[in-house]
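Q: For reference, the structure I am asking about is given below.
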Amino acid sequence: MSSTDLQGAILGMGNPLLDISAEVPMEVLEKYGVTLNNAILAEEKHFALYPELVEKYPVQYIAGGATQNSIRVAQWMLPTKGCTAYMGAVGSDNYGETLERCGSEDGVLVHYMKNPDVPTGTCAVLINGGERSLVANLAAANTFAPSHIETDVAKTMINRAKIVYSAGFFLTVSVESLLSVARTAAEENKIFCMNLAAPFIVQFFGEQLASCMPYTDFVFANESEAAAYGEAKGYGSDISTIALKLAAQPKASGTRPRVVVFTQGADATIVAVGGKVTSYAVDPLPKEQLVDTNGAGDAFVGGFLSRLALGADYAECVRAGHFASRVIIQRSGCTFPATCDFV
């Protein structure tokens, strides 16, 4: 594709959150009843966590939200600015302005729905020994409404997009918006991609997930999300079997087979399509080079989608995903160098 063809090629819809990231002792996780390598929505008992982080630990403020992370990484790996676009809801406040500035500086076309009455969402990122636990307070992100996709800017974004991506977290906010865009994707032969996002999405938002699944051309997940899906659907515990059965579910659009991509941290990534599973090894990273795993899965999707937009095969898409993840886990949060040296 030429750079003109790539303008707005990848569209993300999700929950924009400002990450408040800090290295903390295990006592903090225990105090708030959270576990490493997991992501949850904040309940009332977690609200004191945010001021505690800011008061007691050196925190970093990083543009976050799973889908937004993936879109920013995809943009970083593509040749020209404006290859990606993103929609979500923020508050009319400093945090919202920070998120918009971060996205725009990275070259993403950002179109936020702005809520003057609710603050921008935040995500506490608790890091211990390089592993992370995420506690998301959606706030304004939770107020995204279908009316936003009817705006002229949103319509243009949807029209230009060749690939639409949303992490499963958006299912907690506006299924109606996602289904509307998913149906358009099916009708217009665009590629619609989703991520299972977290075990709680599979466990507590199964109905919403099932409503969108027929429209999916690509489904991403890590091993714990895949296991939760296998358990919920009665597919057993073998990750390859789960991938094959998910790939074989009915599709709304018959123009292409569903591709299921499961990452497994340092273990091989598997791709299931057309009744076959292919495994792709991950180059091991020395433990001392690991900074934190926050954003690793998001980065993988960003890298994968960047090459999918360029028409690459699955092996090359996975290689790009592995590259992006490797870069991100050697840095704090979902951040990356100014230039991308992927070849």
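Q: How many of the residues making up region 101-138 are among the acidic types (Asp, Glu) and modelled with pLDDT of 95 or more?
A: Taking region 101-138 and keeping what is among the acidic types (Asp, Glu), we get 105-106, 117, 131.
Subsequent filtering for residues that are modelled with pLDDT of 95 or more retains 117.
Selection size over region 101-138: 1.
Q: For region 307-343, give me each residue that is open to solvent by 70 Å² or more (accessible area, probe 1.4 Å), more than 26 Å from Val291 (Cα to Cα) and assigned to a loop (DSSP other than H, G, I, E, B).
A: Of everything in region 307-343, just one residue is open to solvent by 70 Å² or more (accessible area, probe 1.4 Å), more than 26 Å from Val291 (Cα to Cα) and assigned to a loop (DSSP other than H, G, I, E, B), namely Asp313.
Q: So which residues in region 170-208 are in contact (Cβ under 8 Å) with a residue 40 or more places away in the chain and hydroxyl-bearing (Ser, Thr, Tyr)?
A: Scanning region 170-208 gives Thr172, Ser177.
Q: Tell me which residues, restricted to region 136-156, are open to solvent by less than 70 Å² (accessible area, probe 1.4 Å) and within 27 Å of Cys334 (Cα to Cα).
A: Ala136, Asn137, Leu138, Ala139, Ala140, Ala141, Thr143, Phe144, Ala145, His148, Ile149, Ala154
Q: Moving on to the next point. Got a sec? Which of Asn159, Asn222, Asn189 is open to solvent by 30 Å² or more (accessible area, probe 1.4 Å), touching a Lys or Arg at 6+ places or on another chain (Cβ under 9 Å) and not β-branched (Val, Ile, Thr)?
A: Numbers: Asn159 fails: touching a Lys or Arg at 6+ places or on another chain (Cβ under 9 Å); Asn222 fails: touching a Lys or Arg at 6+ places or on another chain (Cβ under 9 Å).
Result of the check over Asn159, Asn222, Asn189: Asn189.
Q: Please work out which one of (1) small (Gly, Ala, Ser); (2) open to solvent by 10 Å² or more (accessible area, probe 1.4 Å); (3) at pLDDT below 95 is the condition Gly275 fails and give its number.
A: (3)
Q: Cβ-Cβ below 7 Å, separation at least six or inter-chain, first residue in region 4-16 and aliphatic (A, V, I, L, M) and open to solvent by less than 10 Å² (accessible area, probe 1.4 Å), second in a loop (DSSP other than H, G, I, E, B) and at pLDDT 95 or above: which pairs?
A: Close Cβ pairs (under 7 Å, with a partner that is in a loop (DSSP other than H, G, I, E, B) and at pLDDT 95 or above) amount to Leu6/Leu78; Leu6/Cys83; Ala9/Cys83; Ala9/Ala161; Ala9/Lys162; Ile10/Cys83; Ile10/Ala161; Leu11/Ala161.
Q: From the list Asp292, Asp298, which one is in contact (Cβ under 8 Å) with a residue 60 or more places away in the chain, assigned to a loop (DSSP other than H, G, I, E, B) and of a type in the set (Asp, Glu)?
A: Working: Asp298 fails: assigned to a loop (DSSP other than H, G, I, E, B).
That would be Asp292, the only listed residue that is in contact (Cβ under 8 Å) with a residue 60 or more places away in the chain, assigned to a loop (DSSP other than H, G, I, E, B) and of a type in the set (Asp, Glu).
Q: For region 106-162, please list each of the strands (runs of 3 or more DSSP E) lying entirely inside it that holds at least 2 residues being touching a strand residue (DSSP E or B) at 6+ places or on another chain (Cβ under 8 Å) and more than 20 Å from Tyr50 (Cα to Cα).
A: 109-115
Q: Name the strands (runs of 3 or more DSSP E) wholly inside region 28-96 in which the number of residues that are aliphatic (A, V, I, L, M), in contact with a Leu (Cβ under 9 Å, 6 or more places away or on another chain) and open to solvent by less than 20 Å² (accessible area, probe 1.4 Å) is 3 or more. Give the steps one after another, and end with the answer.
A: Numbers: elements: 38-41, 60-64, 84-91.
It comes to 84-91.
Q: Can you name every residue in region 153-169 that is more than 22 Å from Val261 (Cα to Cα), among the charged types (D, E, K, R) and either touching a residue at least 24 places away in the same chain (Cβ under 8 Å) or in contact with a Phe, Trp or Tyr (Cβ under 8 Å, 6 or more places away or on another chain) (or both)? Working first, answer last.
A: Filtering region 153-169 down to residues more than 22 Å from Val261 (Cα to Cα) leaves 153-160.
Filter once more, keeping what is among the charged types (D, E, K, R): 155, 160.
Listed by number, the list holds a single entry, Arg160.
Q: Restricting to region 114-135, name every residue that is closer than 30 Å to Thr151 by Cβ and buried (at least 21 other Cβ atoms within 10 Å of the Cβ).
A: Those that are closer than 30 Å to Thr151 by Cβ and buried (at least 21 other Cβ atoms within 10 Å of the Cβ): Asn115, Thr120, Gly121, Thr122, Cys123, Leu134.
Q: Please work out if Val277 is free of Cβ contacts under 8 Å to residues at least 40 places away in the same chain, closer than 28 Å to Val24 by Cα and β-branched (Val, Ile, Thr). If you could, list the steps in order and put the result at the bottom.
A: Working: free of Cβ contacts under 8 Å to residues at least 40 places away in the same chain: yes; closer than 28 Å to Val24 by Cα: no; β-branched (Val, Ile, Thr): yes.
Against the criterion (free of Cβ contacts under 8 Å to residues at least 40 places away in the same chain, closer than 28 Å to Val24 by Cα and β-branched (Val, Ile, Thr)), Val277 does not qualify.
Q: In region 162-186, what residues are aromatic (Phe, Trp, Tyr) and open to solvent by 10 Å² or more (accessible area, probe 1.4 Å)? I'd like the intermediate steps shown before the answer.
A: So the first thing to find is which residues in region 162-186 are aromatic (Phe, Trp, Tyr), and the list is 165, 169-170.
Listed by number, the list holds a single entry, Phe169.
Quick grid of which residues meet (1) part of a loop (DSSP other than H, G, I, E, B); (2) surrounded by fewer than 20 Cβ atoms within 10 Å (Cβ to Cβ):
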site: Glu231; (1), (2): no, yes
site: Leu244; (1), (2): no, yes
site: Lys251; (1), (2): yes, yes
site: Val261; (1), (2): no, no
site: Ala268; (1), (2): no, yes
site: Val271; (1), (2): no, no
site: Val282; (1), (2): yes, yes
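The values are calculated or read from the model by the stated rules, or taken from the named source; none is laboratory data. What you see is a predicted model, and the numbers here were worked out from it, not measured in a lab. We place every Cβ from the backbone using ideal geometry, glycine too, and count neighbours over all the protein chains shown. Ligands, DNA and RNA are stripped out before the accessible areas are found, and what is left, the full protein with its side chains, is counted by its heavy atoms. Shrake-Rupley method; radii C 1.70, N 1.55, O 1.52, S 1.80 Å.
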